[in-house]
Amino acid sequence: MTVITAIAEGREGDHALAAGVAEARLLNTDLVLVNLRLSALDRSEVPEDPATTVVERSGPGDRDPVDAVLDEIEARPDVDRLVIGLRRRSPVGKALLGSVSQRLLLESPVPVVAVKPPA
């Protein structure tokens, strides 16, 4: 089993990272962090327990963030769940703008744990 966590910019990404680590520890399984941020993930944020793999992208031109996460899920048949962070959006924002989190919720072939940072 493996838990994949999508690490986005901002508080949502920080909260997803903490939740992904907690989920992997709870399940006693490996953790894969897919870094969707513009800069490399700070290695001091990456735990050694559970066993963690970091997948970096080479910037926004690399590929669609959703495709990056879904490709990692597809490449790893032992993935048990995906952890993502959500941000608060207004009803108008939800109707007019797409969202990486929304697309992952709809397109993920594995169960998704969606977490929001505290208000």
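Summary table below
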{"read-out": "Close pairs from region 38-58: first farther than 18 Å from Ala24 by Cα, partner basic (Lys, Arg), Cβ under 8 Å, at least 6 apart", "value": "Arg57/Arg63"}
{"read-out": "Every residue from region 25-57 that is at pLDDT 90 or above, within 19 Å of Glu72 (Cα to Cα) and not acidic (Asp, Glu)", "value": "Thr29, Leu31, Val32, Leu33, Val34, Asn35, Leu36, Ala51, Thr52, Thr53, Val54, Val55"}
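The values are calculated or read from the model by the stated rules, or taken from the named source; none is laboratory data. Values in this document were obtained by computation on a predicted structure and should not be read as measured data. All Cβ positions, glycine included, derive from the backbone under ideal geometry; neighbour counts span all protein chains shown.
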